[in-house]
Amino acid sequence: MKILTREKIEESAAVVGSNKIILVGLDLRGLGDMSELVLPGANFNESNVQGVDFSESQLKGATFDSAKMKGATFRKADLENARFYRAEMRDVDFEEAHLNEAYFGSTVLQAASFVGADLTKTNFHHADLRDADFTQAKMEGITLTGARYNDATRWPDGLFPLLTGALLDNR
C-alpha cells in the first residue's frame, strides 16, 4: 500500500471533488502541516487528527463525527456547516475560526479555545464545554441546551449560560 500524503489527498480531490474525499478511520497524525488545505465537504469521520494543524483551511461542510482531535488547530479556518458529532476535541484551537451553523452535538470540547470565533447559529447540544474559552466569540443564535460548563469556562461579555439551557458542572 502506498503511503498517504497531503499531496495525494489534494490530487485526488482535484480529480473527484473534495466532497468525495473519504478519510474515514484513517490515522492522519503523520501527515504534517495541513494548514491552508482546501477540502470542503470531506469526510474525516472516526479519523485520528490529534495535533494536526488545519489553520486557515477551507473545510466548509466537512464531517468529523467520532474523530479523535485532541490538540488539533483550526485557527482562522472556514468550518461553516461542519459536523463534529461525538468527537474527542480536548484542547482544540478554533481561534478566529468561521463556524457558522457548525454542529458539536455530544462533543468533548474541554479546554478548547473559541476566542474571536464566529459561532453564529452553531449547535453545542449536550457538548462538554468545561474550561473552554469563548472570549470575544460571536454567538448569535447559538444552541447550548444540555451543554455542560464549569466556573472556568469563559464566555463573551453579557452571556449568562444558564439562561440558554446550559448546565453548570463543576465536577
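The values are calculated or read from the model by the stated rules, or taken from the named source; none is laboratory data. On a predicted model such as this, the values are computed, not experimentally measured, just so you know. Cβ: placed from backbone, ideal geometry, glycine included. Neighbour counts: every protein chain shown. Areas reflect the complete protein model, heavy atoms only, side chains present, ligands, DNA and RNA absent. Shrake-Rupley method; radii C 1.70, N 1.55, O 1.52, S 1.80 Å.
Quick notes on this one:
Yes/no per residue for (1) outside any loop (DSSP other than H, G, I, E, B); (2) over 25 Å from D157 (Cα atoms); (3) not hydroxyl-bearing (S, T, Y):
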site	(1), (2), (3)
S55	no, yes, no
D65	no, yes, yes
K70	no, yes, yes
N100	no, no, yes
G105	no, no, yes
A111	no, no, yes
H126	no, no, yes
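- The set of residues in region 128-171 being assigned to a loop (DSSP other than H, G, I, E, B), farther than 24 Å from E80 by Cβ and of a type outside the set (S, T, N, Q) consists of R130, D131, D151, A152, D157, G158, F160, D169, R171.
- As a summary of the residue check, S106 satisfies the conditions (1) open to solvent by less than 30 Å² (accessible area, probe 1.4 Å); (2) in contact with a Phe, Trp or Tyr (Cβ under 7 Å, 6 or more places away or on another chain) except for the one numbered (1).
- Single unsatisfied condition, L31 versus (1) touching a helix residue (DSSP H, G or I) at 6+ places or on another chain (Cβ under 6 Å); (2) on the phi > 0 side of the Ramachandran plot; (3) modelled with pLDDT under 95: (2)
- Close pairs from region 74-87: first under 15 Å from L39 (Cα atoms) and open to solvent by 10 Å² or more (accessible area, probe 1.4 Å), partner assigned to a loop (DSSP other than H, G, I, E, B) and of a type in the set (K, R), Cβ under 7 Å, at least 6 apart: D78/K60; E80/K60; N81/K60
- Hits in region 15-26 (condition: assigned to a helix (DSSP H, G or I) and open to solvent by less than 70 Å² (accessible area, probe 1.4 Å)): S18
- Residues that are assigned to a loop (DSSP other than H, G, I, E, B) and surrounded by fewer than 24 Cβ atoms within 10 Å (Cβ to Cβ) within region 88-98 comprise R90, D91, E95, E96, listed in sequence order.
- Residue within region 13-25 that is of a type in the set (V, I, T) and closer than 20 Å to D118 by Cα present: no
- Residue check for S12: surrounded by fewer than 20 Cβ atoms within 10 Å (Cβ to Cβ), of a type outside the set (V, I, T) and under 27 Å from A152 (Cα atoms): no
- Within region 38-48, at least one residue is open to solvent by 50 Å² or more (accessible area, probe 1.4 Å), among the aliphatic types (A, V, I, L, M) and assigned to a strand (DSSP E or B).
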